[in-house]
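Here the structure comes first, spelled out in structure tokens, and everything after it is commentary.
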Number of protein chains: 2
Amino acid sequence: MENTTRLLLPDVAEALRRDPASVSELTEELHPADMADLAAALEDDLALTFVDNLPVTDAARMAESLDLGKRVTLFSHFFSKSPEKAADVAETMAPDERADLISGLEEDLRAALLARMAQPEAREVRQLLSFPEGTAGALMTTQFVALKAEQTVAAAIDDVRRSASEMETIYDAYAVDPNGTLLGVVSLRDLVVAKADRRISEIMVPNVISIEADQDQEEVARLIAKYDLFALPIVDRSYQILGIVTVDDVVDVIKEEAAEDVQRLGAVEPLEDAYFQTRFIEFVKKRAPWLIILFCAGFLTTSAMRAIETRFEHLRPLLWFVPLIIASGGNAGSQSASLMIRALAVGEVKPSDYLRVIGREVLMGLALGMILCLFGAGRAAAWGETRTLPVMAAVCGTIVAVVTFGAMIGSGLPLLLRRLGLDPAVSSTPFIASLSDVIGLLIYLNVAAMFML
Amino acid sequence: MENTTRLLLPDVAEALRRDPASVSELTEELHPADMADLAAALEDDLALTFVDNLPVTDAARMAESLDLGKRVTLFSHFFSKSPEKAADVAETMAPDERADLISGLEEDLRAALLARMAQPEAREVRQLLSFPEGTAGALMTTQFVALKAEQTVAAAIDDVRRSASEMETIYDAYAVDPNGTLLGVVSLRDLVVAKADRRISEIMVPNVISIEADQDQEEVARLIAKYDLFALPIVDRSYQILGIVTVDDVVDVIKEEAAEDVQRLGAVEPLEDAYFQTRFIEFVKKRAPWLIILFCAGFLTTSAMRAIETRFEHLRPLLWFVPLIIASGGNAGSQSASLMIRALAVGEVKPSDYLRVIGREVLMGLALGMILCLFGAGRAAAWGETRTLPVMAAVCGTIVAVVTFGAMIGSGLPLLLRRLGLDPAVSSTPFIASLSDVIGLLIYLNVAAMFML
């Protein structure tokens, strides 16, 4: 929250308690995003009074700026209290933000709201909701400027001017034929610069960068970022334009995808809501399954430890190095995995590069393992019990092997997951560490056996 | 790279080998970002021939789209081969992209290039380079539309039309007084919709969202994302407008910051270049220091293991559970850390929330620890040697304590780092795992001692 908004908060809360109708005087100068900050910071019942006392347009703009979780909660209460006004607010919202809101509502609330909304808006919502979450179609808005190819620039500017207030953006307009097939794109910049009597077909850019509605939202983000676009048109299979995705929505997608990556990397299923908005039991559900899976996979380490302990009864100082050795494999693996997950996310590396990547990481693991092995030898030399050739050889040899192996699985697993069509970030750091614990112990057992013979 | 560009690559390479001057015919329809893909995919000498044979404007647009690392390398060779044309290309580039390029050049090359460039452009570069990397000033471009408050809308549209070709964006224009002080913002949308004889002062939005040049680029990204801006004006302390940052540059910042988070989380110092562009030795430098630090910190585990092994000589099956137990602390800690790092990055949690966060995470750790403890007891019950009350009690008690402790440091450390003004992502997953290894072993030693007495 901006500091100026924070300073306003007590006054707004006070006004809502004493004279709710007066609150819009306090907030009319605020940006909708700041109003949303206020609504999020107010107690639930005051936030409800707040939205109920704003003019419909302000309430709609504010709702568009609210976090999705908060938006759904607040709107559910709002609709129960003032169904008429809530439906008006929903109708006034941008189609994409409205669809996001409605998709989050409970089944019966959703039906009741759609029944109260005007026909065209309700139909639009149903159409947008028909696209699965995470696709280009689910991200788009249906408000865009469509022009005819044979129009003059002057007529087009008139069209743009008339429709400006309803449109998400007027900075890119799309030339279409009578069937709605996308013919070209014209920026408002080009319209303003062009002579008034030229035809749209003469100034439009024909090969429009566009994407089909069922493509992944990450691909939308990639194209908008790569080509520095303000808006990307979404088309169906017959190249009819269905809507557009604007750059500001893509900023949210990029942030969301980055958050998911970081959470998956830490072995947490991505959260839907903000940290403090997420309930305790929800956290347990997102965290416990991974912890249990990793824990049960770790059962193998107890068997390996038992084998080592039994086999080398005469040389128990070997056991002292177990946590150190297995951790170094996990650490090297985490490094490789995080490098690879990022490189895959931004498209620097493709699954088909696997030979080149794994070759490189194996060499890297060897180099890093040999560096660590010097430190390991130093540690072993510090104690009388471990300053023996067999122990030092077993420790050093295992470190090199474990670090190399860690780098190999750390880089290979994300590539494999991507190839299987899964999110590479599922190969979380804890997952790689656990895998490398098991393998590390098996390597230790075998290397030690080699030197003890 | 898009598939169409990939298909074109062999033809372009062939043309560059046989008849370099003909290459621009092949590529003239391409978007600059696709030309940049071609240049990045070509061998170094062919890429040089390519840029040298493009028209100056195409070469400039292409250079703006190249990765910074590639841009600097290619341009260094280009300037050595054709200094005159290279200086022309640099002059034609957008000021912000040009400054990024020049800041990457070797000292002597930079001086030689600036000497060849036109005075105003060279001065502009020096001004932009005076802002430290990572600040708003270093991100901005100095090309923006400035209007006078007393101008009419018609005159303003004429101004915009005339300057359109040089400007990064004409969609937001800024009203300034004769000293350059920022008075208001007018979107091209507002200009197009407004009556021709109105004054700019009547239609501008006065309270402009802006930021001072020495602020962090993350704050720039936050404001642009929050307020859905196309461009954010950068001002000095006296509120004179220095430049603007556009949303497409912010998309890059957000991606860059997310990449840094993921790499730090994996205990790798952030890379400057793409994965395959980074040299082997560079990787060793980015990875070895963290591995060595973590390894030496892990020396403490060898001492703890020695103490456990010596102390419980009569009950060595206790040792079999060591890797399992310490891993569960690390895993829970990684989860908490990744949740916290994300929540801090998007501003959901502030360092001042530490009591609330740590209280919540401790409860979470207790709940998760008790779940895992059931599985741990099951594992211990499976072997005759470990199906004893002391072993099972020591294993279960330690798991609960270690998981709780892991969640506590996993959440507390990022908060502490942020409070100290450091990047919370430095508390990487491997770092937390290593810390929890050491503490886990000490807890195990003490809990076991308690039950063995």
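Compute the relative contact order of chain B as a whole-number percentage, counting only Cα pairs closer than 8 Å that sit 6 or more residues apart in sequence. Don't skip to the end; give the middle numbers.
Values: 649 pairs, mean separation 48.4, N = 453.
Dividing the mean separation by the residue count of chain B yields 11 percent.
In chain B, if the dipole is taken from +1 on Lys/Arg beta carbons and -1 on Asp/Glu beta carbons about the Cα centre, which of B:46, B:163, B:335 is farthest to the positive end?
B:335
Can you tell me what percent of all Cα-Cα pairs in region B:266-345 are more than 22 Å apart?
Numbers: 1634 of 3160 pairs.
So the pairs more than 22 Å apart make up 52 percent of the total in region B:266-345.
Subtract the Cα-Cα distance of residue B:284 and residue B:6 from 0.36 nm times their separation in residues, and report this length gain in nm to one decimal.
Separation in residues times 0.36 nm, less the Cα-Cα distance, equals 96.9 nm.
Kindly give Rg over Rh for the protein assembly as shown, based on alpha-carbon atoms, with the Kirkwood expression for the hydrodynamic radius. Let's see the in-between values first.
Details: Rg = 30.6 Å, Rh = 30.3 Å.
Ratio value, two decimals: 1.01.
Please give, to one decimal in nm, the separation of the simple spin-label points placed at residue B:161 and residue A:272, each 7 Å out from Cα toward the Cβ.
Taking the two extended label points, one gets 5.2 nm.
Considering the dipole of the protein assembly as shown built from charges on the beta carbon (Lys and Arg +1, Asp and Glu -1) around the Cα centre, which of B:179, B:141, B:291 is farthest to its positive end?
B:291
Distances from residue B:385 to the same position in the other copies: list them in nm, one decimal, shortest first, using label points 7 Å from Cα along Cα→Cβ.
In nanometres, ordered from closest: 1.7.
Within region A:1-27, name every residue whose backbone N is under 18 Å away from a label modeled 7 Å from Cα of residue B:207 along the Cβ vector.
A:1-16, A:22-27
What is the helix-to-structure angle for B:429-452, meaning the angle in degrees between its Cα long axis and the longest Cα principal axis of chain B, kept from 0 to 90 and rounded to the nearest 10?
Approximately 10 degrees, to the nearest 10.
What translational D, rounded to a whole number of µm²/s, comes out for region A:178-237 from Stokes-Einstein when the hydrodynamic radius is the Kirkwood one over Cα pairs, at 20 °C and 1.002 mPa s? Intermediate values should be presented prior to the final figure.
Details: Rh = 13.1 Å.
The diffusion coefficient I find is 164 µm²/s.
Per-residue HN-Hα couplings for region B:132-140, Karplus 6.51 cos²θ - 1.76 cosθ + 1.60 at θ = phi - 60°, whole Hz, x for Gly and Pro?
After applying 6.51 cos²θ - 1.76 cosθ + 1.60, I find x, 4, x, 9, 4, x, 6, 8, 7 Hz.
Spelling out what I want: for every residue of region B:104-119, take phi, set θ = phi - 60°, compute 6.51 cos²θ - 1.76 cosθ + 1.60 (Karplus), and round to whole Hz; glycine and proline get x.
Values, residue by residue: x, 6, 4, 3, 5, 5, 4, 4, 4, 5, 4, 5, 7, 7, 4, 3 Hz.
Given 0.36 nm per residue, what is the gain on full extension from residue B:80 to residue B:119 after removing their alpha carbon distance, in nm?
Length difference between fully extended and current span is 11.9 nm.
Kindly identify region B:94-219 as rounded, prolate or oblate by the Cα gyration tensor criterion: order the square roots of the eigenvalues as a ≥ b ≥ c, call it rounded if a/c is under 1.5, otherwise compare a/b with b/c, prolate if a/b is larger, else oblate. Mind dumping the intermediate values first?
Working: a/c = 2.90, a/b = 1.94, b/c = 1.50.
Prolate, since a/c reaches 1.5 and a/b exceeds b/c.
Taking N as the number of residues in region A:3-130, what is its alpha-carbon radius of gyration divided by 2.2 N^0.38 Å?
Details: Rg = 14.2 Å, N = 128, 2.2 N^0.38 = 13.9 Å.
Against the compact-globule rule of thumb, the ratio is 1.02.
Long-range amide H contacts for residue A:173: which residues qualify at under 5 Å (H placed 1.01 Å from N, peptide plane, sequence gap of 5 or more or a different chain)?
A:186, A:187, A:188
So what is the relative contact order of region B:145-252, in percent, for Cα pairs below 8 Å that sit 6 or more residues apart? Write out the running numbers ahead of the final one.
On the way: 175 pairs, mean separation 26.5, N = 108.
Computed over region B:145-252, the figure is 25 percent.
Roughly what % antiparallel, to the nearest 5, for the DSSP beta bridges in region B:145-252? Spell out each step's value before the answer.
On the way: 13 of 19 bridges.
For region B:145-252, the DSSP antiparallel bridge percentage is about 70.
Residue B:103 to residue B:198: FRET efficiency via 1/(1 + (r/R0)^6), r the Cβ-Cβ distance, R0 51 Å, to the nearest 0.05?
Numbers: r = 43 Å, r/R0 = 0.84.
Calculated value: 0.75.
Given charges of +1 on the Cβ of Lys and Arg and -1 on the Cβ of Asp and Glu, with all other atoms neutral, how large is the dipole of region B:3-130 about its Cα centre, in debye to the nearest 20?
Details: 13 positive and 26 negative charges, 63 e Å.
Result for region B:3-130 is approximately 300 debye, rounded to the nearest 20.
In whole Å, how far is the Cα centre of region B:106-134 from that of region A:343-399?
Cα centroid to Cα centroid, the span is 44 Å.
How far is residue A:351 from itself in the other copies, in nm, if each label sits 7 Å out from Cα along the Cα-Cβ line, shortest first?
4.3
If you wrap a convex hull around the alpha carbons of region A:145-246, what volume per residue comes out, as a whole number of Å³?
Considering the Cα atoms of region A:145-246, their hull volume per residue is 91 Å³.
So how far, in whole Å, is the C-alpha centre of region A:200-227 from the one of region A:246-275?
Result: 23 Å between the Cα centres.
Hey, how many Å between the Cα centroid of region A:39-83 and the Cα centroid of region B:30-68?
50 Å
With a ≥ b ≥ c taken as the square roots of the eigenvalues of the C-alpha gyration tensor of region A:220-319, please select rounded if a/c is under 1.5 and otherwise prolate if a/b is larger than b/c or oblate if it is not? Before the final figure, lay out each step's value.
On the way: a/c = 3.88, a/b = 2.69, b/c = 1.44.
Prolate, because a/c is 1.5 or more and a/b exceeds b/c.
Quick one: what are the phi-derived ³J(HN,Hα) couplings along region A:218-234, Karplus 6.51/-1.76/1.60 with θ = phi - 60°, whole Hz, x for glycine and proline?
5, 5, 4, 4, 4, 5, 5, 5, 5, 9, 6, 8, 7, 8, 10, x, 9
Taking the Cα centre as origin and putting +1 on Lys and Arg beta-carbons and -1 on Asp and Glu beta-carbons, what dipole magnitude results for region A:129-256, to the nearest 20 debye?
On the way: 11 positive and 22 negative charges, 115 e Å.
Result for region A:129-256 is approximately 560 debye, rounded to the nearest 20.
Kindly state, to the nearest 0.05, the FRET efficiency for residue A:366 paired with residue B:127, given R0 = 45 Å and r defined as their beta-carbon distance.
Numbers: r = 48 Å, r/R0 = 1.06.
Taking R0 as 45 Å, the efficiency between residue A:366 and residue B:127 is 0.40.
Once you list every other residue whose beta carbon is under 12 Å from the beta carbon of residue B:132, what net charge do they have if Lys and Arg are +1 and Asp and Glu are -1?
Result for the local shell: -3.
Once you charge only the Cβ atoms, +1 for Lys and Arg and -1 for Asp and Glu, what is the size of the charge dipole of region B:249-293 about its Cα centre, to the nearest 20 debye? Walk me through the numbers before you get to the answer.
On the way: 6 positive and 10 negative charges, 81 e Å.
Here the size comes out at about 380 debye.
For helix B:322-345, what angle does its Cα long axis make with the longest principal axis of chain B, in degrees from 0 to 90 and rounded to 10?
Once rounded, one gets 30 degrees.
What is the helix-to-structure angle for A:299-311, meaning the angle in degrees between its Cα long axis and the longest Cα principal axis of chain A, kept from 0 to 90 and rounded to the nearest 10?
Between helix and principal axis, roughly 10 degrees.
If contacts are Cα pairs under 8 angstrom and at least 6 residues apart, what is the relative contact order of region A:3-130 in percent?
Numbers: 121 pairs, mean separation 25.4, N = 128.
Rounded, it is 20 percent for region A:3-130.
Rounded, prolate or oblate: which fits chain A, taking a ≥ b ≥ c as square roots of the Cα gyration tensor eigenvalues, rounded meaning a/c under 1.5, else prolate when a/b beats b/c? Spell out each step's value before the answer.
Numbers: a/c = 3.16, a/b = 1.89, b/c = 1.67.
Prolate, because a/c is 1.5 or more and a/b exceeds b/c.
Just the number, please: percent antiparallel of the DSSP beta bridges in chain A, rounded to the nearest 5.
Values: 15 of 21 bridges.
Close to 70 percent.
How much net charge surrounds residue B:387 when only other residues with a Cβ under 14 Å from its Cβ are counted (Lys, Arg +1; Asp, Glu -1)? Don't skip to the answer; put the middle values down first.
Values: positive: A:306, B:379; negative: B:385.
Around residue B:387, the surrounding residues sum to +1.
Express in % the proportion of alpha carbon pairs of region A:312-451 at distances exceeding 25 Å.
Details: 2920 of 9730 pairs.
Tail of the P(r) past 25 Å holds 30 percent of the pairs.
Quick check for you: which residues of region A:400-414 have the amide N under 13 Å from the point 7 Å beyond the Cα of residue A:446 toward its beta carbon?
Those under the cut-off are A:401-402, A:405.
Looking at this model, which pairs from A:226/B:70; B:255/B:285; B:70/B:255; A:226/B:81; A:286/A:350 are more than 20 angstrom apart at the alpha-carbon?
Numbers: A:226/B:70 16 Å; B:255/B:285 23 Å; B:70/B:255 18 Å; A:226/B:81 29 Å; A:286/A:350 29 Å.
Pairs exceeding the cut-off: B:255/B:285; A:226/B:81; A:286/A:350.
I need the inter-copy label distances for residue B:126: point set 7 Å along Cα to C-beta, values in nm with one decimal, smallest first.
Here residue B:126 shows inter-copy label distances of 6.8 nm.
Rule-based calculations on the coordinates, nothing more; no lab input. Quick caveat: nothing in here was measured; it's all calculated off a predicted structure. Methodologically, a virtual Cβ is constructed for each residue, glycine included, from the backbone with ideal geometry; neighbour enumeration extends over all protein chains shown.
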